[in-house]
Amino acid sequence: MKFTQTGTFKENPLEKIIAIKLLEKIEEVLLSKLDYNVGFIAKEKSEVITDYVKNLTEKYKGLVEKDFSRNSSAEFENILSKFQNLIQYSDLNKASLNYYLHLLQIKEKNEWETKEVEISMKALIQAWIYPSYYLLQALAETIGRKEAVKLFKRYVTHYYMDNPSPDRDEFFSLEKMVENRLSGDTTSSEWVLVHTMLEEGRYDFKNKNCPTCVDATIELPDVEFKYLVCCYGDYEKFRAYYSDHIILTMEHTLMEGDPYCSRVLHDTRIDYDLQHPPKEFWDNFKPGNEEEAMKYYKI
């Protein structure tokens, strides 16, 4: 029984500059989820879809000052043609594209039509999170917060159910996953995690930092909405990425103000009780403190 920490705390990881192909990235970062969301709302709550799309379009328009989408390229139009729900709403298409380019801090139209541009990691993360945050905000303004939260949770869950990882068949076991995570260079990542497998079929791990979502969304005021956009999808995402018998439990998150994210992956073929250790375990979950932590492991 051993606790192992990986990763290294680094200064300003969001300032890292990366090169991306904008027209390729837009499918993954923006269009696939936006298209699914519009289709999902139209199916589940058809009576509000017109007002919702109008509100979301106006929301995106109000967040930018410059129109990058005017006379958009034929390549973008070709990408957009894949998304049958979204293509019905040309104003939303233009507004979402414009907001995406605004978040990436693109200065001129010809920049996003080139093959690659250099942007900060912060801009890329915000381009992934912010459209969904305001998507949820527009939904709440359309149907009320309580109903919007319920519907958003269903949308996120169904999105991952319908979009499983193409590498899903490669998953073998949690034991093998942990072995891979603890092999090779375990210090290069800016994500600092503590790992252990104290029992067969369950993998306990703690995020001590979140150098992407938490740090990139400080200016967004609604903590619940940030949690729903950034964290809630993990429940279905782990199953969609690995296997139907992999279930996540999570009771503390950095996004909600906790000092860490406490997470357990359960292989329900072996561990079917889905017990999540109490806070005292996670507080003591660090290398060299195994004996103290284990006092609280069993409830």
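Can you spot a residue in the stretch 224-232 that is part of a loop (DSSP other than H, G, I, E, B) and surrounded by fewer than 16 Cβ atoms within 10 Å (Cβ to Cβ)? Steps first, answer last, please.
Just the residues of the stretch 224-232 that are part of a loop (DSSP other than H, G, I, E, B), to begin with: none.
The answer is no; no qualifying residue exists.
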From the option list PRO166, PRO131, single residue qualifying as of a type outside the set (A, V, I, L, M, F, W, C) and either touching a strand residue (DSSP E or B) at 6+ places or on another chain (Cβ under 6 Å) or not in a helix (DSSP H, G or I) (or both) is PRO166
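State whether one or more residues within the stretch 268-281 are under 29 Å from TRP128 (Cβ atoms), out of contact with any Asp or Glu (no Cβ under 8 Å at 6 or more places or on another chain) and not in a loop (DSSP other than H, G, I, E, B). Steps first, answer last, please.
Taking the stretch 268-281 as the starting set, the residues that turn out to be under 29 Å from TRP128 (Cβ atoms) are 276.
If we keep only those that are out of contact with any Asp or Glu (no Cβ under 8 Å at 6 or more places or on another chain) too, we end up with none.
No, there is no match, as no residue in the stretch 268-281 is under 29 Å from TRP128 (Cβ atoms), out of contact with any Asp or Glu (no Cβ under 8 Å at 6 or more places or on another chain) and not in a loop (DSSP other than H, G, I, E, B).
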Can you tell me which residue within the stretch 3-32, out of those that are of a type outside the set (Ser, Thr, Tyr) and in a strand (DSSP E or B), is least open to solvent (accessible area, probe 1.4 Å)? ILE20
Top-ranked residue in the stretch 253-299 [being touching a His at 6+ places or on another chain (Cβ under 7 Å) and among the hydroxyl-bearing types (Ser, Thr, Tyr); ranked as farthest from GLU200 (Cα to Cα)]: TYR260
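Being open to solvent by less than 30 Å² (accessible area, probe 1.4 Å) and over 24 Å from the mean Cα position of the chain (by Cα) is the filter here, so list the residues in the stretch 278-289 that pass it.
Matches in the stretch 278-289: PHE281, PHE285.
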Counting only residues that are of a type outside the set (Ser, Thr, Tyr) and free of Cβ contacts under 8 Å to residues at least 60 places away in the same chain, which one in the stretch 33-53 is surrounded by the most Cβ atoms within 10 Å (Cβ to Cβ)? VAL38
Can you tell me which residue within the stretch 42-67, out of those that are of a type in the set (D, E, K, R) and not in a loop (DSSP other than H, G, I, E, B), is farthest from PHE152 (Cα to Cα)? LYS61
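Go through the stretch 181-222 and give me each residue that's of a type in the set (Gly, Ala, Ser) and part of a loop (DSSP other than H, G, I, E, B). If you could, list the steps in order and put the result at the bottom.
Narrowing the stretch 181-222 to residues of a type in the set (Gly, Ala, Ser): 183-184, 188-189, 201, 216.
Correct list: SER183, GLY184, SER188, SER189, GLY201.
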Run VAL178 past the list (1) under 20 Å from LEU265 (Cα atoms); (2) open to solvent by 20 Å² or more (accessible area, probe 1.4 Å); (3) in a helix (DSSP H, G or I); (4) of a type outside the set (Lys, Arg) and report the number of the one that doesn't hold. (2)
Considering only residues of the stretch 70-89 that are surrounded by 12 or more Cβ atoms within 10 Å (Cβ to Cβ) and in a loop (DSSP other than H, G, I, E, B), which is modelled with the lowest pLDDT? SER72
Test result for SER132, small (Gly, Ala, Ser) and surrounded by fewer than 20 Cβ atoms within 10 Å (Cβ to Cβ): no
Considering only the stretch 54-69, I want to know if a residue exists there that is open to solvent by less than 20 Å² (accessible area, probe 1.4 Å) and touching a residue at least 60 places away in the same chain (Cβ under 8 Å). yes
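Let's see how each residue does on (1) over 19 Å from PRO131 (Cβ atoms); (2) at pLDDT 95 or above; (3) in contact with a Leu (Cβ under 9 Å, 6 or more places away or on another chain):
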| residue | (1), (2), (3) |
| --- | --- |
| GLY184 | yes, no, no |
| THR196 | yes, yes, no |
| PRO221 | no, yes, no |
| LEU228 | no, yes, yes |
| GLY233 | no, yes, no |
| LYS237 | no, yes, yes |
| ASP258 | yes, yes, no |
If we keep only residues of the stretch 233-267 that are open to solvent by less than 40 Å² (accessible area, probe 1.4 Å) and of a type in the set (Gly, Ala, Ser), then the residue farthest from PRO166 (Cα to Cα) is SER262
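The values are calculated or read from the model by the stated rules, or taken from the named source; none is laboratory data. All values reported here derive from a predicted model rather than from experimental measurement. Glycine also receives a Cβ, built like all others from the backbone with ideal geometry; neighbour counts cover every protein chain displayed. Keep in mind that these areas ignore ligands, DNA and RNA; they rest on the heavy atoms of the full protein, side chains included. Shrake-Rupley method; radii C 1.70, N 1.55, O 1.52, S 1.80 Å.
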